[in-house]
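Got a structure here, written out as structure tokens. Questions coming.
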Amino acid sequence: MGSEGSSPDRQAQVAVALQGKKVILCVSGGIAAYKAVYLARSLTLLGGDVRVVMTEAAQRFVGAQTFAGVTGNPVVTELFTDAPFAPHVELARGADVAVVAPATANALAKMTAGLADDAFSATLLSVRCPVVVAPAMHAEMWDHPATGANLAELERRGVMLVGPDAGSLMSGDEGVGRMAEPDEIVAVLASVLEQARDLEGRRVVVTAGGTQEPIDPVRFIGNRSSGLMGFTIAREAARRGGKVTLIAGPHNLAPPGGVDVVSVGTADEMREAVLQAAADADVVIKAAAVADFKPVQHSDRKLKKAAGPPDISLVPTPDILAELGSTPSLRKPGSLLVGFAAETEQDPRRLSELAVEKLRSKGADLIVANEVGSNDSGFGSRTNRAVIASSEGVADIGLVTKDALAAALVDTIAERLR
Ligand code: C5P
């Protein structure tokens, strides 16, 4: 059984971590696929709900039937079936952790490129849980700069690496490229699952999206925020055990599972919802792009074009973040306040300076400053170029997916709440 080399105490903890967890085991085509059977068996015996997806090449080494027998679950090998659902999406949904074992050089390259031409790679493109890879290949392939670059990119995206070990390889060769032992992989998966619950019992409030300040019943002042960053943070916080309230402006996104969503329209409505939720929250994360100004008054009836361009006088909206930052009685003692700063600033040094300034002006514990205005960062983009500032300094996160930025932010928050 898994983790045989560890103490009985640790073995019990490993079993607790795996109990009832949906583990996706992605098997690609290398001789080490036979060890993946042992891995599947260990994870199943430890209480995991193990779902296997295999490449065609993997099936040349081990039969799908073997994995089905060991795990008690059907094995996915085909992207196209006559089922009324997509097997890879079904497999990926609700997964707690995915492990690629063995991960061949080809599998790593496909993951890096985001290919989805078989059930295996499509599953890996669909999962939103932590991903662990256990590479296995010949030493020459492991040493190739292409493999090194692919791994560096995958690690940058948050993929975790276990192994490979040095030792005997296929055809009697020696070198680095042996897949890590199944017990070691089980231990890594358990610690990923344990770490993944680091917000257990914490109340988290996240705001997302832009607000809309009405001019009349059909027109408003708004901004380009899609809400994706806030939704991604809410999902990550919920995945890690947080009890999450997501206060969202108008959006077109599917609410993350297990999150309470409060829908608001204007900055005033958002303020009311935030102040109510903040009172017993351990952390308030203000990712929303709240409108800074609203019309002094709005018309109850649609303004007529024939009446000519209206004079719209603007007044500031309430600054919710600054209010929370300057009024400790509004928040739970010891709670954290996190703000965002959207800046049209590409230079990371300047971005850092602005983040530090905002930390002070808003009275926040953390400020995530991200660049907006370019194609690959900010509103509407799937990636963000960001820094995270706190009283301890500024961490440059670089250009990463919003998933990776959410994970880095939640890491920082969990660390500080500890
Ligand atoms: O002041 P600025 O818009 O640059 O600050 C951005 C941060 O302040 C974000 O965290 C945003 O959610 C928050 N904010 C707010 N209320 C406002 C404007 C911004 O809470 N009226």
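The values are calculated or read from the model by the stated rules, or taken from the named source; none is laboratory data. Computed from a predicted structure; not experimentally measured. Ideal geometry is used to build each Cβ from the backbone, glycine not excepted, and the neighbour counts take in all protein chains shown.
This table checks each residue for (1) closer than 26 Å to Ala407 by Cβ; (2) touching a residue at least 60 places away in the same chain (Cβ under 8 Å); (3) not assigned by TED's automatic domain parsing to the domain that holds Ala287.
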position: Ile215; (1), (2), (3): no, yes, no
position: Glu236; (1), (2), (3): yes, yes, no
position: Asn252; (1), (2), (3): yes, no, no
position: Gly257; (1), (2), (3): yes, yes, no
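Sticking with this one: Looking only at segment 49-77, count how many residues are assigned to a loop (DSSP other than H, G, I, E, B), touching a residue at least 40 places away in the same chain (Cβ under 8 Å) and farther than 22 Å from Met170 by Cβ.
1
Right, here's the next one. Looking at the structure I just gave you, is Leu314 more than 24 Å from the chain's Cα centre (by Cα), within 14 Å of the ligand (Cβ to nearest atom) and not charged (D, E, K, R)?
In short, yes.
What about Ala281, is it surrounded by 17 or more Cβ atoms within 10 Å (Cβ to Cβ), assigned to a helix (DSSP H, G or I), modelled with pLDDT of 95 or more and not basic (Lys, Arg)?
Taking the combined requirement at face value, the residue does not satisfy it.
Right, another one. If Phe220 passes every condition in (1) of a type outside the set (Gly, Ala, Ser); (2) touching a residue at least 12 places away in the same chain (Cβ under 8 Å); (3) closer than 30 Å to Gln297 by Cα but one, which one does it miss?
Going through the list (1) of a type outside the set (Gly, Ala, Ser); (2) touching a residue at least 12 places away in the same chain (Cβ under 8 Å); (3) closer than 30 Å to Gln297 by Cα, Phe220 breaks only (2).
Restricting segment 290-308 to residues that are surrounded by 11 or more Cβ atoms within 10 Å (Cβ to Cβ) and among the hydrophobic types (A, V, I, L, M, F, W, C), which is nearest to the ligand (Cβ to nearest atom)?
Val290
Counting only residues that are closer than 30 Å to Ala364 by Cβ and either touching a helix residue (DSSP H, G or I) at 6+ places or on another chain (Cβ under 9 Å) or part of a loop (DSSP other than H, G, I, E, B) (or both), how many does segment 294-312 have?
2
Given the condition under 27 Å from Leu399 (Cα atoms), near the ligand (Cβ under 8 Å from one of its atoms) and within 26 Å of the chain's Cα centre (by Cα), answer yes or no: does some residue in segment 352-365 qualify?
Yes.
Considering only segment 91-109, I want to know if a residue exists there that is assigned by TED's automatic domain parsing to the domain that holds Arg51, at pLDDT 95 or above, closer than 23 Å to Arg41 by Cα and part of a helix (DSSP H, G or I).
Taking every residue of segment 91-109 in turn, at least one turns out to be assigned by TED's automatic domain parsing to the domain that holds Arg51, at pLDDT 95 or above, closer than 23 Å to Arg41 by Cα and part of a helix (DSSP H, G or I).
Restricting segment 378-398 to residues that are at pLDDT below 90, of a type in the set (Gly, Ala, Ser) and surrounded by fewer than 19 Cβ atoms within 10 Å (Cβ to Cβ), which is farthest from Arg360 (Cα to Cα)?
Top of the filtered list is Gly380.
Condition first: more than 21 Å from Cys129 (Cα to Cα), assigned to a loop (DSSP other than H, G, I, E, B) and in contact with a strand residue (DSSP E or B) (Cβ under 9 Å, 6 or more places away or on another chain). Now tell me which residues in segment 151-179 satisfy that.
Pro164, Leu169, Met179 - these are the residues of segment 151-179 that are more than 21 Å from Cys129 (Cα to Cα), assigned to a loop (DSSP other than H, G, I, E, B) and in contact with a strand residue (DSSP E or B) (Cβ under 9 Å, 6 or more places away or on another chain).
For (1) within 15 Å of the ligand (Cβ to nearest atom); (2) over 18 Å from the mean Cα position of the chain (by Cα); (3) at positive phi, each residue gets a yes or a no:
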{"position": "Gly230", "(1), (2), (3)": "yes, no, no"}
{"position": "Ile247", "(1), (2), (3)": "yes, yes, no"}
{"position": "Ser263", "(1), (2), (3)": "no, yes, no"}
{"position": "Glu269", "(1), (2), (3)": "yes, yes, no"}
{"position": "Ala273", "(1), (2), (3)": "yes, yes, no"}
{"position": "Ala277", "(1), (2), (3)": "yes, yes, no"}
{"position": "Asp282", "(1), (2), (3)": "no, yes, no"}
{"position": "Ala288", "(1), (2), (3)": "yes, no, no"}
